[in-house]
Amino acid sequence: MFLTKGHKDERRRYIRLGTVFPVQFRLVSPEGKRFLSEWMQGFTDNVGKGGICLTIHHLNPEIAQLMRSSSELLFLLEIEMPIFKKPVSATAKKVWMREIPSEANGYLVGLSYQQIGRSQNAEIVRYARMKRLFVPGLLVILGVLLATLIYKNYEVDLANWRNRMLSEGLRQVTLEAALAKRQIIKLKEEEKGLREKLARMQSNLKSLENELKLRQQNDAETKRVLQYISEIVQKKAEFEQKIISLQRSYANLNQEAGRLDTKKSSLKKETVDTLYHWLATHQNPRTGLVASFEGDGDITDWAFIYDQSLACQAFILYGDFNRAAKILDFFAGQAKRIDGRFVNAYYVKDGLPAEYIVHTGPNIWVGIAALQYTSKTKDKKYLGLAEEIAQSLLHLQRQDNEGGLRGGPNTPWYSTEHNLDAYAFFNMLERMTGKEVYTEAKEKVLNWLRMHAYDRPDIPVLRGRGDSTIATDTYAWSIAALGPEKLQQLNMDPDEIIAFAEKSCVVETDFVRPDGSTIKVKGFDFAPQRHVARGGVVSVEWTAQMCVAYQIMMDFCQRKGLFQKAREYEEKADFYLAELSRMMISSLSPTGQGQGCLPYASQEAVDTGHGWRTPKGKATGSVAATAYAFFAYLNYNPLQLKK
């Protein structure tokens, strides 16, 4: 196709920008009532007062034919310009169109505005003229930008160093604090033993003194008793002096333990702040969604709904209710559903579905976030959203004679994880609404778990119905969703559940930091190492889940008066959290450079053993990993409403 003279004259009206800017567009019927295409990507480096010249690569031939065949079609435009925080919206009509000779399915299209904000259009034209008239100034700006980039890289390196110092400092303080507390316990036990010996000596002395009173003469036996009394008195004095020395050591150690605890709390607070700020700067202001994996190009713009629930709850915990509400607003109003259910993932920028798979568990987690928001704020505006999700679950539950929930409406398998989610969700709804329907649903799920998850003596928790695969998260979530007391009522030993997960899934492996340095880290794998060929891999999210489980068991043991066991669980939680802190990496996002976050696992692109692979990229930040570590630092269980 060749340009006519009129078309060439039309093109002369454009101002060349010298820089390409993205333009999203879609076709609409002339009357403006029907969309004729999905959103497509174009670019412009030519703008004018009356329109723009659009460059389109890889245009669908059918769409190209539609554009050629009619000059009445409307183009909906979203023009991304650096002078505006949000894209400029406009409608336009085609004036001319021609193929790009060197590119298959590439086109140049001249568009004439039909509707655009007057001030925005004037600003675009003013910007174009400034670029054309002040090229030397632009070169200066580029120089400044280059200097800024160099400085930014320096800031990133500095942030990497700061994050590393923070994580290593937290690990060291955690180990020192644990050692100090163990020494205190040892001193206490030693002091207790000495006091028991002193008590026995005192009793012996009293007996010997009574014996002397009964004797009438100073014979050899009396001398022997007096000698024995003298020895006991001397030994007693030594023990008393030893106890005084122990008490001094105890006081010093107690003071040191207090100092270390204060320092540990400060470092934890700094770590929590760092993780929160990464989540916050990573949130899209238009949709409220947070990209699940920052760094994996294949899914860089995907927001998995399970991750959105975790991010939402992190914002709630931090008291940032506005950010939490933005996520819930998306699900309450904007998110496209299939038969009333949310798909597993949406695109961050426009909120459209990224995949059309519907699973039960992720939908439940959206409901859990809504209930946690309701509980913390006392604002019931999202309670309806939670009950809508519950209705879809009740419908699914009625399809199973045993009261379990399948993995999805079109899914044949049953997952222990999803049913643990359902139990926790119905339990929350029962507490919040008092409705009997949720009590009945909860008990049905519990019965299903009893029959299909906790029915193998050799494997405490099955992954699903008829599935004996070991999955670490089902062990952590059994503790978190049901609680130790309920597990005991089911004749399940929560200590044994923890011990089995430790025996089967704890690994120590290499972690290569983004700067190329390698460290050893210890944590929980997705599955037993012996079951997969790739060697041990630390799952950051599932290790953090186990930390939450340890904290629950610590509280449980303290209530039972089992203080030694409670201390052991506390030490394990602190140890694995300190290990995770060493895996902290720096953010790659333009808005959050240097903010600390956590990767999904210690290795990229490897088989988890459960049907999916870890994301690509050695510096890929994970919302699930970052948020769950955030929970563990704050001793927060997302599967229970805190009293």
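The values are calculated or read from the model by the stated rules, or taken from the named source; none is laboratory data. The shown structure was predicted, so the numbers you read here are calculated from the model rather than taken from an experiment. Cβ sites come from the backbone with ideal geometry, for glycine too, and all protein chains shown count toward neighbours.
For K380, state whether it is out of contact with any strand residue (DSSP E or B) (no Cβ under 8 Å at 6 or more places or on another chain), in a loop (DSSP other than H, G, I, E, B) and either surrounded by 15 or more Cβ atoms within 10 Å (Cβ to Cβ) or at negative phi (or both).
In short, yes.
Across the range 621-632, what is the number of residues that are more than 11 Å from Q545 (Cα to Cα) and in a helix (DSSP H, G or I)?
Total satisfying the criteria: 2.
Can you pull out the residues in the range 603-643 that are closer than 30 Å to S265 by Cα and without any contact (Cβ under 8 Å) to a residue 40 or more places away in the chain?
Within the range 603-643, K643 is the sole residue that qualifies.
So, of the residues in the range 508-527 that are among the aliphatic types (A, V, I, L, M) and surrounded by fewer than 18 Cβ atoms within 10 Å (Cβ to Cβ), which turns out to be nearest to L577 (Cα to Cα)?
Top of the filtered list is I519.
Need a quick list: helices (runs of 4 or more DSSP H) entirely within the range 411-527 having at least 3 residues that are at pLDDT 95 or above and of a type in the set (V, I, T).
By residue number, 436-452.
Could you check the range 116-127 and list, in sequence order, the residues that are over 43 Å from the mean Cα position of the chain (by Cα) and surrounded by 13 or more Cβ atoms within 10 Å (Cβ to Cβ)?
V125
Return the pairs, sorted by first residue and then second, in which the second residue is at pLDDT 90 or above and polar (S, T, N, Q), the first residue lies in the range 101-113 and is under 13 Å from S71 (Cα atoms) and assigned by TED's automatic domain parsing to the domain that holds A64, the beta carbons are less than 7 Å apart, and the residues are 6+ apart or on different chains.
none
Please report, ordered by residue number, the strands (runs of 3 or more DSSP E) entirely within the range 10-124 with at least 1 residues that are among the basic types (K, R) and more than 21 Å from K349 (Cα to Cα).
15-28, 88-99
Taking the range 528-544, which residues are part of a helix (DSSP H, G or I) and surrounded by fewer than 24 Cβ atoms within 10 Å (Cβ to Cβ)?
Q529, R530, H531
Hey, can you tell me all the residues within the range 439-485 that are charged (D, E, K, R) and surrounded by fewer than 16 Cβ atoms within 10 Å (Cβ to Cβ)?
Scanning the range 439-485 gives E440, E443, R450, D455, R456, D458, D467, E485.
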